[in-house]
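Before any comments, here is the structure.
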Amino acid sequence: MHLKGHFVLLRHAGAYWRSEAKAGNARQARVINTSSGAGIFGSVGQGNYAAAKAAIAELTIQAAAELGGYGVTVNGIAPAARTQMTMGAGDAMAAQMAAPADGSFDSMDPANISPLVVWLGSPGSADVTGRLFEVEGGVITVLDGWQRAASIDKGARWEQDELGAAVADLIEKSPTQVKPYGAR
């Protein structure tokens with residue numbers, strides 16, 4: 001349902017915006033999808049959830065490319081906040097997600113997410129599309145997922161016995177891989 005809800009909305013809204021553009025009616029529309037850090041980095045024990053949220057992240061990028069010509073921006077958020085799901089995820093996580101008793105800044109307050117969502121829906125974000133943002137407390141991070149890192153071109157087919165050293169070199173030259181949530 002995570003992916004289907006996003007897809008169905010985009011399918012119908014996209015068809016409407018396309019017909020409006022073909023009729024000469026200018027649009028300035030915004031879509032803000034909701035993914036998750038689990039969809040970007042993975043989450044041990046939540047393969048189905050992580051896969052659906054990863055698909056939403058990619059759908060965001062794809063829809064931004066396809067709907068941009070109709071005056072539509074498509075971005076996504078990957079919020080980190082206290083929810084009923086996270087509060088029921090176990091004692092350690094529930095303790096981490098609990099509101100501070102002393103009244104200090106509550107980094108897990110879901111209200112911390114809404115200012116970015118409102119801004120992404122505003123005219124001020126007209127030049128931002130196809131991006132995914134992680135939001136946790138007062139921290140906003142641009143997530144720059146699947147991209148090419150180090151590569152090597154032999155100019156010919158590789159032999160199996162050559163690959164161990166070549167792959168080790170590529171991994172050493174690439175950014176450190178972020179481990180899935182819950183991985184050791």
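Regarding Ala156, is this residue over 18 Å from Pro79 (Cα atoms), of a type in the set (A, V, I, L, M), in contact (Cβ under 8 Å) with a residue 24 or more places away in the chain and assigned to a loop (DSSP other than H, G, I, E, B)? Spelling it out, it is not the case that Ala156 is over 18 Å from Pro79 (Cα atoms), of a type in the set (A, V, I, L, M), in contact (Cβ under 8 Å) with a residue 24 or more places away in the chain and assigned to a loop (DSSP other than H, G, I, E, B).
Candidates are the residues of segment 10-22 that are farther than 15 Å from Ile61 by Cα and hydrophobic (A, V, I, L, M, F, W, C); the one that is surrounded by the fewest Cβ atoms within 10 Å (Cβ to Cβ) is Ala15.
Taking every residue in segment 129-153 that is at pLDDT 90 or above and pairing it with any residue that is charged (D, E, K, R), at least 6 positions away or on another chain, the pairs with Cβ-Cβ distances below 6 Å are Thr141/Glu134; Leu143/Glu134; Ala150/Lys173. Among the residues of segment 103-131, which ones are in contact with a helix residue (DSSP H, G or I) (Cβ under 8 Å, 6 or more places away or on another chain), surrounded by fewer than 17 Cβ atoms within 10 Å (Cβ to Cβ) and β-branched (Val, Ile, Thr)? Of everything in segment 103-131, just one residue is in contact with a helix residue (DSSP H, G or I) (Cβ under 8 Å, 6 or more places away or on another chain), surrounded by fewer than 17 Cβ atoms within 10 Å (Cβ to Cβ) and β-branched (Val, Ile, Thr), namely Val128. For Ile40, indicate whether it is surrounded by 12 or more Cβ atoms within 10 Å (Cβ to Cβ) and modelled with pLDDT under 95. Yes: the conditions hold for Ile40. Of the residues making up segment 45-67, at least one is polar (S, T, N, Q), farther than 16 Å from Trp146 by Cα and buried (at least 18 other Cβ atoms within 10 Å of the Cβ). Would you confirm, using the coordinates I've provided, whether Ala52 is in a helix (DSSP H, G or I), modelled with pLDDT of 95 or more, more than 30 Å from Ala23 (Cβ to Cβ) and under 18 Å from the mean Cα position of the chain (by Cα)? Spelling it out, Ala52 is indeed in a helix (DSSP H, G or I), modelled with pLDDT of 95 or more, more than 30 Å from Ala23 (Cβ to Cβ) and under 18 Å from the mean Cα position of the chain (by Cα).
Considering the conditions (1) modelled with pLDDT under 95; (2) assigned to a loop (DSSP other than H, G, I, E, B); (3) surrounded by 13 or more Cβ atoms within 10 Å (Cβ to Cβ), Ala94 is excluded by exactly one of them, (2). For segment 61-80, filtering for residues that are assigned to a helix (DSSP H, G or I), in contact with a helix residue (DSSP H, G or I) (Cβ under 8 Å, 6 or more places away or on another chain) and over 16 Å from Trp17 (Cβ atoms) leaves 0.
The values are calculated or read from the model by the stated rules, or taken from the named source; none is laboratory data. Every value quoted in this text rests on a predicted model; they were computed, and no experiment measured them. Cβ sites come from the backbone with ideal geometry, for glycine too, and all protein chains shown count toward neighbours.
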